[in-house]
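Worksheet: the structure to be examined is printed underneath.
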Amino acid sequence: MTTIDVDTGAPAASGRSPVKGWLAVLAVTLGIFSLMTSELLPVGLLTPIGTALDVSEGTAGLMVTVPGLVAAVSAPLVTVATGRIDRRIVLVVLIGLMGAANLASAFATSFTVVLVARFLIGISVGGFWSIAGGITLRLVPAKHVARATAVIFGGVETASVLGVPTGTFIGDLSNWRTAFATEAATSLYVSAFNLSIALGALFGGFVVNGIGTTSVLWIGAALAFLALFVVGRARRRTETHATVP
């Protein structure tokens, strides 16, 4: 009797550690949460952004429109362009791109720079969605795919009820630049977490060249605090210059 093995194109998830599989699900969920928060963050900050960059609220609304349109176009393009690259690495790059775009928005001195950054956010959102939808097959056994998918897409609702209001609250407490800087810091942390999971999976464990997952997470936290520190210093310098006659 001959047995024929059929290659589905995706590595089997049944043989991997359940803990590692669900950590990977958590990483993707955090990515979805961070992406959706970034996409919708300007909704509650249009008035201060418009005032600071000297544009109307209607024009500032392009910060929400542009990422949505770009995401719709970039989703299939990113899927095709990265077809031969490990999807875990692609997700890490997309989240890192989002973090850089949010940081650019925090430092922007013109609305054009903000729109370019929002364009990059759209690429990140479209690419991430196109990959995350089917990646659960690679992360957990078949019997857990439905539950893992529900957890991943739960990041959307969490961003809507927690991420965006928190960003608006931070903007009210400080200013809109701080809100974007905080989201950039969050993105860097999530990117570091995804990177640790991706490298651990690629190299057969959670320790790569002596650097463990905990170390990578601490590096992510350090980068996040560094981003906030830099933006805070830049903000103080700007305010000092503004008060000088």
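Readers should treat all values here as calculations from the given coordinates under stated rules, not as data from a laboratory. Note that the coordinates shown come from a computational prediction; the quantities given were computed from them, not determined experimentally. Backbone-built Cβ (ideal geometry, glycine too); neighbour counts: all protein chains shown.
Charge tally for residue 135 (other residues, Cβ to Cβ under 13 Å; Lys, Arg +1; Asp, Glu -1): +2.
Taking other residues whose beta carbon is less than 15 angstrom from the beta carbon of residue 158, and scoring Lys, Arg as +1 and Asp, Glu as -1, yields -3. If R0 equals 35 Å, the separation of the Cβ atoms of residue 77 and residue 174 corresponds to a calculated FRET efficiency of about 0.45.
For residue 85 and residue 142, FRET efficiency with R0 = 22 Å and r from the beta-carbon atoms, rounded to 0.05?
After rounding to 0.05, the efficiency reads 0.35.
If packing is taken as the average number of other Cβ atoms within 10 Å across a peptide's residues, how do 73-84, 166-177, 45-56 rank, most packed first? Provide the component values of the computation, followed by the final result.
Values: 73-84: 14.0, 166-177: 18.1, 45-56: 16.6.
The peptides rank, most packed first, as 166-177, 45-56, 73-84.
Taking θ as phi - 60° and the Karplus parameters 6.51, -1.76 and 1.60, the scalar couplings of the range 69-86 work out to 5, 5, 4, 5, 7, 6, 3, x, 5, 5, 4, 5, 5, 10, x, 9, 9, 4 Hz in sequence order, x denoting glycine and proline.
P(r) tail, the range 48-160: Cα-Cα pairs separated by more than 24 Å, 35% of all pairs.
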